[in-house]
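Right, one structure below, let's go through it.
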């Protein structure tokens with residue numbers, strides 16, 4: 001496979017070799033499996049359009065990257081709809097190491113986007129990877145959505161990116177099995193339309209994984225930090241080990257995690273400052289919410305549907321100004337949770353399994369929904385938490401829970417049997433990698 005070089009600072013059009021690089025991306029002829037490299041620290045003014053001819057394969061993906069070391073290569077999208085545009089059927093393309101900014105044109109189909117993948121719901125570019133990019137500063141005042149990264153495709157990976165100062169959504173996605181990890185997304189929804197989330201996925205995740213991201217939605221009081229919609233389709237998304245912060249609740253019912261997908265597993269996340277830390281809205285049969293730390297939200301964990309078999313276990317919920325949990329699922333299992341300094345701790349529908357929960361400093365510990373009692377084997381003494389909400393030595397939480405089929409706490413430590421109540425265990429066994 002060939003390697004093609006681009007250096008916007010050279011004179012002449014060039015031939016694409018290392019010694020005589022192309023001056024413009026417009027000179028590139030796309031061939032699947034090739035590497036196309038822009039010189040680090042240089043700026044290309046315009047849009048990089050990747051056609052279907054660039055489609056690689058699993059064993060030989062096409063690389064769009066940089067050479068020469070130092071700063072990222074820059075794509076200045078002023079006067080363009082996108083900075084980097086990957087057209088439909090350009091499968092197995094990797095974009096690595098770009099600074100993409102300044103896009104300011106828009107239309108109804110594409111809005112204004114830093115990196116745009118695919119062309120529509122059935123016009124996918126699959127197995128595209130966006131790595132180590134800085135996407136920022138869409139400057140349009142939008143009529144339509146203006147996103148940082150937008151994709152239509154299956155098995156899309158977005159990793160190691162900083163996405164910030166975006167008018168609408170930081171990341172907007174449509175496709176199966178996304179892999180979104182180790183990104184920072186902040187300062188979104190800057191257009192004043194209350195239309196932007198840090199991450200919005202509008203189709204079936206089906207095995208997707210969203211992990212180890214920092215999502216900061218604290219700049220304005222609207223929308224969600226992370227939303228997975230499309231209630232009629234999909235299952236099995238894993239949302240874990242993320243740090244999410246929302247704007248303090250004013251009048252809009254924001255969420256850190258808003259899910260319309262059955263079988264979603266939400267675990268080991270730190271969720272701060274939303275109206276709801278976790279909101280299981282519709283089609284959320286079989287969801288598991290475990291080992292999360294929910295701090296100073298209006299409601300910690302809420303379900304909207306009854307009889308869907310939700311499991312809510314080993315969460316630590318602190319400072320909820322309305323409810324720690326509000327669970328209307330009569331088949332739910334709500335055990336091993338800490339409710340600390342909440343207005344009301346546990347609100348749950350009669351029939352749900354509950355007990356082995358810890359209550360301290362709440363206005364009211366329990367509220368039955370259509371009957372029910374608080375359950376058995378609960379604690380009401382001081383949980384003796386550290387400033388980071390871990391149990392101190394001698395805490396009554398240690399070993400006071402019931403084992404219900406899980407392995408790791410918020411620190412990824414192996415849980416004891418019986419486990420501690422709350423998001424953190426006091427086990428001293430080796431951490432998971």
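Coordinate-derived values only; no laboratory data. None of the values given here were measured: they were computed from a predicted structure. Glycine gets a Cβ as well: all are built from the backbone with ideal geometry, and neighbour counts include every protein chain shown.
Okay, here's what the table says:
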read-out: Sorted peptide list for 258-264, 154-160, 29-35, 166-172, criterion being average Cβ within 10 angstrom, highest first; value: 166-172, 258-264, 154-160, 29-35
read-out: Cut-off 16 Å (backbone N to label point 7 Å along Cα→Cβ of residue 403), residues of segment 344-385; value: none
read-out: Highest to lowest packing among 195-201, 300-306, 384-390, scored as the average C-beta count within 10 Å; value: 195-201, 300-306, 384-390
read-out: Segment residue 3-residue 179, extension gain: residue separation times 0.36 nm, minus the distance between their alpha carbons; value: 60.6 nm
read-out: Theoretical gain in end-to-end length, residue 58 to residue 384 [0.36 nm per residue, Cα-Cα removed]; value: 112.2 nm
read-out: Among 277-286, 308-317, the order from most to least packed when residues are scored by Cβ within 10 Å on average; value: 308-317, 277-286
read-out: Gain in span if fully extended, residue 162 to residue 253, counting 0.36 nm per residue against the direct Cα distance; value: 30.1 nm
read-out: Long-range tail of P(r) for segment 72-164 (Cα pairs > 15 Å, %); value: 54
read-out: Alpha carbon centroid spacing (whole Å) that separates segment 8-72 from segment 110-159; value: 19
read-out: Sites residue 341 and residue 202, calculated FRET efficiency, Cβ-Cβ separation with R0 45 Å, nearest 0.05; value: 0.80
read-out: FRET efficiency, residue 144 to residue 212 (Cβ-Cβ, R0 30 Å, nearest 0.05); value: 0.45
read-out: Taking all pairs of distinct alpha-carbon atoms in the chain, Kirkwood radius in angstrom; value: 22.6
read-out: Inter-site label distance for residue 305 and residue 376 at 7 Å from Cα along Cβ, in nm; value: 3.2
read-out: Cβ-Cβ FRET estimate between residue 364 and residue 24, R0 fixed at 56 Å, reported to 0.05; value: 0.25
read-out: Per residue Cα convex hull volume in Å³ - calculated over segment 1-196; value: 104
read-out: Spin-label pair residue 392/residue 15, simplified geometry with 7 Å Cα→Cβ offset, distance in nm; value: 7.5
read-out: Values of log10 I(q)/I(0), in the order q = 0.14, 0.17, 0.18, 0.20 Å⁻¹, for segment 319-433 under a Debye, Cα-only, solvent-free model; value: -0.55, -0.80, -0.89, -1.06
